[in-house]
Amino acid sequence: MPEISSNKPYRIGRSKTGLGLFATQKIKKGTKIIRYFGPMLDSKNKKHDDIDNKYLFEINNRWTIDGSVRKNIARYINHACRPNAESDVNSRKRKVVIRAIKTIQPGEEINYDYGTDYFKIFLKPIGCKCDHCEKKRAKKRAEDRAEKLRLKLKAEKKAAKEALKNGKKADKSLKKVVKAAKSKSLKSKAAPKRKTVVGGARTGVKANPHARGTGKPTKTKSARTRPLSQIVQAQSPNRPSRASST
């Protein structure tokens, strides 16, 4: 790696994409920072047309700077979609200088826009890693996560609503079953008792087991032991007894 003079306002350091150029002191807007240089390639030269690398800086349709040489410190400046510097191209002198377009603070990385063609060929396939694009990707990831969370909550809410609806249906079915059981129980309690059948007829009076199908209670022991005269007198009280007629 080539040495950089201490009076230069930049240094080579580690960046997100590998190596980069960083300010070592405050660089004011409009300041020429560094020159981009290297061998000049002529498009009319067939040998020059065969040279291909990512450090080629096209000045015009004919001349291109091959900035792959190690002495070209400007080659360490990385691309940015929202840069703090720009390339100032002088086609007549075939000269390119990197100039600050805003004030750059110490420690801040110096960067400029490589152009649409370079971006499409080299950066778009792998994804631009500048701060602006990183923030855009981070914002997109956050939005995607928020959308997934929203859809998840929506699905959970819908599932809870369905479960509540099914629960209410189950409660209604259970209430119907309980109501039907209660109604059946009340009907069975209110049903009249069946009358006892004695001698083939419904009497409503429970038969004495000693009646033996007569339906009448049997005579008591005292009735069976009464004198015959008392029985006859009780049966015909107006009839005179035989003893009195004689």
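Across the stretch 1-77, the volume of the C-alpha convex hull divided among the residues equals 115 Å³ per residue.
Pairs over the 26 Å Cα-Cα cut-off, from the set K26/K120; K29/K93; K8/K102: K26/K120.
Tell me, what % of the accessible area of the stretch 10-126 is carbon and sulfur with a 1.4 angstrom probe? Carbon and sulfur atoms account for 46 percent of the accessible area of the stretch 10-126.
Taking 0.36 nm per residue of separation and subtracting the Cα-Cα distance, full extension of the segment from N61 to V89 would add 8.7 nm. Cross-link partners for K182 among the lysines, with Cα-Cα distance under 30 Å and sequence neighbours closer than 8 places in the same chain left out: K165, K168, K169, K172, K193, K195. Dividing the mean sequence gap of close Cα pairs (under 8 Å, 6+ apart) by how many residues the stretch 72-198 holds gives a relative contact order of 20 percent. Heavy atoms of the protein chains alone define the surface here; on that basis the stretch 1-145 has 66 Å² accessible area per residue at 1.4 Å probe size.
Evaluated at q = 0.13 Å⁻¹, a Debye calculation over the C-alpha positions of the stretch 130-180 (equal weights, vacuum) places log10 I(q)/I(0) at -0.54. Using +1 at the C-beta of Lys and Arg and -1 at the C-beta of Asp and Glu, which of A159, A142, L174 has the Cα lying farthest in the positive direction of the dipole of the stretch 130-180? The residue sitting farthest along the positive end of the dipole is L174.
The values are calculated or read from the model by the stated rules, or taken from the named source; none is laboratory data. Note that the coordinates shown come from a computational prediction; the quantities given were computed from them, not determined experimentally. So basically every Cβ, Gly included, is an ideal-geometry build from the backbone, and we count neighbours across all protein chains shown. All accessible areas refer to the heavy atoms of the entire protein, side chains included, with ligands and DNA or RNA removed. Shrake-Rupley method; radii C 1.70, N 1.55, O 1.52, S 1.80 Å.
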